[in-house]
1. May I ask for the net charge around S203, where only other residues with Cβ less than 11 Å from the Cβ of S203 are counted and Lys, Arg are +1 while Asp, Glu are -1?
2. Can you list the trypsin sites (Lys or Arg not before Pro) in region 41-127 that are in a DSSP coil and have 14 or fewer other beta carbons within 10 angstrom?
3. At a 1.4 Å probe radius, which order do R171, R162 fall into by accessible area, largest first?
4. Which whole-number value in Å² is the accessible area per residue of region 99-187, probe 1.4 Å?
5. With θ set to phi - 60°, apply the Karplus curve 6.51 cos²θ - 1.76 cosθ + 1.60 along region 102-117 and write out the HN-Hα couplings as whole Hz, x wherever there is a Gly or Pro.
6. So how much slack lies between R70 and R36, counting 0.36 nm per residue of separation and subtracting their Cα-Cα distance, in nm?
7. Roughly how many Å² is the accessible area per residue of region 1-87, as a whole number, for a 1.4 Å probe?
8. For D116, what accessible area in Å² do you get when you roll a 1.4 Å probe over the heavy atoms of the protein chains, rounding to the nearest 10?
Amino acid sequence: MKFYLGVHQPAWLERDLGIPLLVSHRRLAGRRTLPRATHEWALDSGGFTELSLYGRWRSDAHAYVAAVRRYRDEIGNLAWAAPQDWMVEAAVRARTGLSVRTHLQRTVGNYLQLRDLAPDLPIIPVVQGNEVTDYHRCADLYERHGVDLANLPLVGVGSVCRRSHTREVERIARSLHARNVTTHCFGVKTLGLAHYGDVIASSDSAAWSFSGRYLPGCTPSHRSEANCLRYALAWRARLHQKFRVAAPTKPGRLERGASDGNVARRPSRRPDHGRPRSPSRPPRRKPGGGSGVSSRAGVRR
């Protein structure tokens with residue numbers, strides 16, 4: 001599993017850190033000059049903040065495509081970008097006044113529009129939902145529009161970062177894995193990686209910044225550690241020492257142990273993307289029984 005460190009300082013992209021970063025569109029938009037990335041990074045659309053504040057997307061798909069293209073060309077090393085998706089948390093829907101179903105439809109509709117406008121850009125689809133069934137309803141909607149999620153290199157899983165129940169996110173992640181979807185879970189709690197890191201391709205977190213708000217700065221120029229690169233890297237090192245988060249292209253079994261900054265895995269038994277699962281193969285079982293498929297998931301969106 002690849003782990004993207006969520007950061008608020010775009011200038012960190014220029015630092016030769018050797019790790020993948022996640023940066024929000026909200027931190028880059030409107031900047032006259034942009035940093036040049038030395039390493040792989042991903043773009044978060046900032047949707048949670050946008051919808052929470054305004055109840056809508058203030059920029060249209062054409063403007064977002066122009067921004068993503070600029071980031072790709074001027075910053076470089078862009079691995080992928082999130083679309084202008086619609087999160088379904090209750091606080092967001094209270095602001096938009098729309099139903100979960102409408103949020104799913106708008107999420108899919110935006111991806112289709114972005115794809116048609118800019119097929120050259122690495123914009124990924126995102127599935128949204130409250131319950132596990134919502135995520136599959138969203139996936140079905142993509143497929144009804146000709147988007148075969150199982151054949152795509154990466155699919156985002158939204159509306160999971162503020163969930164307090166790790167097992168609920170695990171059910172979502174495992175049910176999508178059973179569908180042969182390669183997923184990135186946005187902003188999940190890092191403790192959850194021990195439970196379902198074997199079935200997701202990547203994740204991200206900026207939890208270090210939240211905890212750093214309550215710590216005095218390590219230098220006189222830092223009021224707190226909320227934007228401290230040294231603190232962020234130390235937080236990431238502790239995370240990787242605990243879980244050994246590596247970066248294979250396909251998920252495997254998470255192993256505890258080493259402290260080299262990568263997560264080691266046993267080989268995955270997951271079939272190649274796009275190949276149908278053999279009907280004779282028994283369903284994947286969770287420890288203690290059950291299929292793992294039940295009736296829904298930093299820089300934070």
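The values are calculated or read from the model by the stated rules, or taken from the named source; none is laboratory data. The shown structure was predicted, so the numbers you read here are calculated from the model rather than taken from an experiment. Glycine also receives a Cβ, built like all others from the backbone with ideal geometry; neighbour counts cover every protein chain displayed. For accessibility, only protein heavy atoms count, side chains too; no ligands or nucleic acids. Shrake-Rupley method; radii C 1.70, N 1.55, O 1.52, S 1.80 Å.
1. Values: positive: K2, K189; negative: D204.
Residues near S203 contribute +1 overall.
2. Values: sites: R56, R58, R69, R70, R72, R93, R95, R101, R106, R115; in loops: R56, R58.
For trypsin sites (Lys or Arg not before Pro) across region 41-127 that sit outside H, G, I, E and B with at most 14 neighbouring Cβ atoms in 10 Å, the list reads R56, R58.
3. Numbers: R171 85, R162 120 Å².
So the residues, ranked largest to smallest area, are R162, R171.
4. Numbers: 3290 Å² over 89 residues.
Accessible area per residue, region 99-187: 37 Å².
5. Each residue's phi maps through the Karplus curve to give 5, 4, 5, 4, 6, 4, 5, x, 5, 4, 4, 5, 5, 4, 5, 6 Hz.
6. On the way: separation 34, 0.36 × 34 = 12.24 nm, distance 1.17 nm.
Here the segment from R70 to R36 would lengthen by 11.1 nm.
7. Numbers: 3460 Å² over 87 residues.
Heavy-atom SASA per residue in region 1-87 reads 40 Å².
8. Answer for D116: close to 110 Å² accessible.
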